[in-house]
Amino acid sequence: MPPTLISPSENDYILRGVDANIRADGRGRLDYRQVILETGLITQASGSARCRLGEGTDVLVGVKVELGAIELDGVEEDVAEIKAKRGRVICNVECSPIASQQFAGRGADDFNIELTQMLDRVLNGPQSGLDLEKLCIIPGQQCWIVYIDAIVLDYAGNLLDTIFMTTRAALYNTKVPKTIIQDIGDGEIVFDISDDVEGWERIEGWDKVPVAITLNKIGSRHIVDATPLEELTTEAKLLVTVNKNGKVCGLQKSGGGSIDPSLLNEMVQTGRSLGQSLIKSLDEMVRREENDINLKQSRRERVEKLGFFAAT
């Protein structure tokens, strides 16, 4: 991506504001912008969600659950034994060129790959919370493959946090068809997929999926939910992934600046606390939305989605 510049006066203004705990948009150092979250926007997907931070960063995530073969070719024996009993999660993140001029050109491809790998590492690792064994239908043969596709529609800073928030909501909204497994003898197992519209279940462990909290070190302080200008002023970033129990699932430091050990510990604890609060707030949003939809459907009222007009 092409570099973006910031003037010395803008840099100084942001530094002084962060130090005084009054950012340019009126927020404090640890305040998030308003989160607008909605699920079930893509009718052809197994699950979907859209999340927008204020009038800025906007991410749409679609989840598709499909049958697939368990692939064990070229895998070491001990690893194959584990994979034979698990389903798979395949991630893809793409930043639309219209979201920001930073996403135009060949450099955006590397950025897309970096975001995809980050999401993939979390969701396919032991810290993801997802019970991939529940996605296995016939060990060594068939499983459910969960395709997660995220597209960045608009960009105004704090991209990774928004991607993780949206992905978690989309997984909550995802419906996996129930399967009926039968042993017909001689070690042969067959399965059938329920054709009952109500015969579905959520992905086991969706509620244990962590969120990401990106802390930006500016001067001797740190902030969350940075705007693009604040990101340009950032000396170093610390990404903290946290689950609902407050367990830190991962840390990643980026940027050329250093972080003092005492400040590092403070940033980790801040990320841990904010992560738990954010998860609680997000879960309340999606559950409230689902309850409202169920209530309207029981009354045979029309269910309307805000969709792409959510910020208007």
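Observations
- Test: residue in segment 287-300 that is in a loop (DSSP other than H, G, I, E, B), out of contact with any strand residue (DSSP E or B) (no Cβ under 9 Å at 6 or more places or on another chain) and among the basic types (K, R): yes
- Filter pass, Y155 being at pLDDT 90 or above, closer than 20 Å to G275 by Cα, of a type in the set (F, W, Y) and surrounded by 19 or more Cβ atoms within 10 Å (Cβ to Cβ): no
- Tabulated pairs, segment 251-273, first within 15 Å of V240 (Cβ to Cβ), second of a type in the set (S, T, N, Q), C-beta under 8 angstrom, 6+ apart or interchain: L251/T241; G255/T234; L263/S220
Let's see how each residue does on (1) under 27 Å from E71 (Cβ atoms); (2) at pLDDT 90 or above; (3) part of a helix (DSSP H, G or I):
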{"site": "V122", "(1), (2), (3)": "yes, yes, yes"}
{"site": "D149", "(1), (2), (3)": "yes, yes, no"}
{"site": "T162", "(1), (2), (3)": "no, yes, yes"}
{"site": "R168", "(1), (2), (3)": "yes, yes, yes"}
{"site": "I184", "(1), (2), (3)": "yes, no, no"}
{"site": "V190", "(1), (2), (3)": "yes, no, no"}
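- Test result for G250, small (G, A, S), in a strand (DSSP E or B) and surrounded by 15 or more Cβ atoms within 10 Å (Cβ to Cβ): yes
- Here E198 meets each of (1) open to solvent by 60 Å² or more (accessible area, probe 1.4 Å); (2) without any contact (Cβ under 8 Å) to a residue 12 or more places away in the chain; (3) over 27 Å from the mean Cα position of the chain (by Cα) with one exception, condition (3).
- Residue within segment 257-268 that is open to solvent by 80 Å² or more (accessible area, probe 1.4 Å) and in a strand (DSSP E or B) present: no
- In summary, strands (runs of 3 or more DSSP E) completely within segment 1-116 and bearing 3 or more residues that are within 30 Å of G199 (Cβ to Cβ) and among the β-branched types (V, I, T) occur at 58-69.
- Of all residues in segment 201-228 being part of a strand (DSSP E or B) and free of Cβ contacts under 8 Å to residues at least 40 places away in the same chain, the one that is most open to solvent (accessible area, probe 1.4 Å): E201
- If you go through segment 92-113 and keep only what is open to solvent by 60 Å² or more (accessible area, probe 1.4 Å) and either at pLDDT 90 or above or more than 24 Å from K64 (Cβ to Cβ) (or both), you end up with N92, E94, Q101, R106, D110, I113.
- Conditions (1) touching a Ser or Thr at 6+ places or on another chain (Cβ under 7 Å); (2) within 16 Å of C143 (Cα to Cα); (3) of a type in the set (F, W, Y); number of the one not met by Y155: (2)
The values are calculated or read from the model by the stated rules, or taken from the named source; none is laboratory data. Keep in mind that this is a model prediction, so the values were computed, not measured. Cβ: placed from backbone, ideal geometry, glycine included. Neighbour counts: every protein chain shown. The accessibility values were calculated without ligands, DNA or RNA, using every heavy atom of the protein model including side chains. Shrake-Rupley method; radii C 1.70, N 1.55, O 1.52, S 1.80 Å.
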